[in-house]
1. Return yes when Arg133 is modelled with pLDDT of 95 or more and either within 21 Å of Asn61 (Cα to Cα) or open to solvent by 50 Å² or more (accessible area, probe 1.4 Å) (or both) and no when it is not.
2. Step by step: first the residues of the range 108-122, then only those that are outside any strand (DSSP E or B) and touching a strand residue (DSSP E or B) at 6+ places or on another chain (Cβ under 7 Å), then the one that is surrounded by the fewest Cβ atoms within 10 Å (Cβ to Cβ). Which residue is that?
3. Return the residues of the range 269-305 that are under 20 Å from Arg226 (Cβ atoms) and more than 24 Å from the chain's Cα centre (by Cα); say none if nothing qualifies.
4. Is it the case that some residue within the range 163-180 is more than 26 Å from Phe109 (Cβ to Cβ), open to solvent by less than 50 Å² (accessible area, probe 1.4 Å) and in contact with a strand residue (DSSP E or B) (Cβ under 8 Å, 6 or more places away or on another chain)?
5. Check off (1) under 30 Å from Phe27 (Cβ atoms); (2) open to solvent by 10 Å² or more (accessible area, probe 1.4 Å); (3) more than 19 Å from the chain's Cα centre (by Cα) for Phe77 and give me the number that stays unchecked.
6. Tell me, please, whether a residue that is out of contact with any Asp or Glu (no Cβ under 7 Å at 6 or more places or on another chain) and closer than 27 Å to Thr103 by Cα can be found in the range 135-145.
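The values are calculated or read from the model by the stated rules, or taken from the named source; none is laboratory data. Computed from a prediction, not measured in an experiment: that's the story for all the values here. No Cβ is skipped: glycine too gets one built from the backbone with ideal geometry, and neighbour counts run over all protein chains shown. Heavy atoms of the whole protein, side chains included, go into the accessibility calculation; ligands, DNA and RNA do not. Shrake-Rupley method; radii C 1.70, N 1.55, O 1.52, S 1.80 Å.
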Amino acid sequence: MKKQKKRIVVIGGGTGLSTLLRGLKKFDTDLTAIVTVADDGGSSGRLRDDYHVPPPGDIRNVIAALSEVEPLVEEMFQYRFKGQGKEHLNGHSLGNLMLTALTEITGDFSHAIRQMSRVLNVNGRVLPAANQRLTLFAEFEDGKIIEGESKIPSYGQPIKRVFSKPYHVHALPEAVEAIEQADVIVIGPGSLYTSIIPNLLVEDIRQAVLRSSARKVYICNLMTQRGETSGYTASDHVRAIHTHVGESFIETILINDDADVPEEVQKAYEEENAEPVRFDVRLLEGMGLRVEKGAIATLSEKGSVRHEATNVAEWLMSY
């Protein structure tokens, strides 16, 4: 009898999600990525406003990460137009334009994603957290409310909570089904308040995660993020997720157990008011979490601290 593939659902957005998926696609899994649609900056934000479509940027990056095509084709899909006197195209990526065009043609964002995934031979399923635009808001500790995902990190005050509008948004049935049937649900890594939590604000997603019998793991961020998680420990990240969901549901947290971040890299992050996340293991265990440690950090070519996708994926496959 043929062994059933491990069913893994990854929920998030941004570069953290794409990085992890590049590692996971190397394994024989039933893989589903549920991706935030709350972005309103850059090319995604312009297309969102001009064409009234969900922002395609995070979806585009996930499709690229899971695609099995020639490198040149992926490079073309990710190509970003630039140049003087080209205001209409400047800053747009070809993939964003293609997803927007397909949405206009088909009248359905999720159908556009399916078609683009087929064209680029995606290894897995890519699903938006909702099939429509969401606007993200943040309420800060001083009572100020900021509208717009791209504007939230720039306010510079501690975030009390985030919420999205419209309030009553339905998830795709395929996303709910994938969560309910998953063996493992992975939260993160990624920007806590603007990439991870917005997915869990969609009520159908939230309820499905709580209802699912899957093992639920959080891949902890490696560095804090200016304007979102300055000074946050690992337990602060988990607490914020649980507060927004309304229940404690994460069972396991994967944290880095490698050597310290090089001093010159830390200094570069300090200039951005960021620092390595402190892994307060005792507090995490006191919250009832199983704490797993692994060598999951690496440095990118640009000197940024990133998750080592293969190591994280290998750990998930054995979890």
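1. Against the criterion (modelled with pLDDT of 95 or more and either within 21 Å of Asn61 (Cα to Cα) or open to solvent by 50 Å² or more (accessible area, probe 1.4 Å) (or both)), Arg133 does not qualify.
2. Asn121
3. The answer is Glu271, and nothing else.
4. No.
5. Of the numbered conditions (1) under 30 Å from Phe27 (Cβ atoms); (2) open to solvent by 10 Å² or more (accessible area, probe 1.4 Å); (3) more than 19 Å from the chain's Cα centre (by Cα), the odd one out for Phe77 is (2).
6. Initially, the range 135-145 is screened for residues out of contact with any Asp or Glu (no Cβ under 7 Å at 6 or more places or on another chain), giving 138-144.
When the remaining residues are screened for being closer than 27 Å to Thr103 by Cα, the result is none.
No, there is no match, as no residue in the range 135-145 is out of contact with any Asp or Glu (no Cβ under 7 Å at 6 or more places or on another chain) and closer than 27 Å to Thr103 by Cα.
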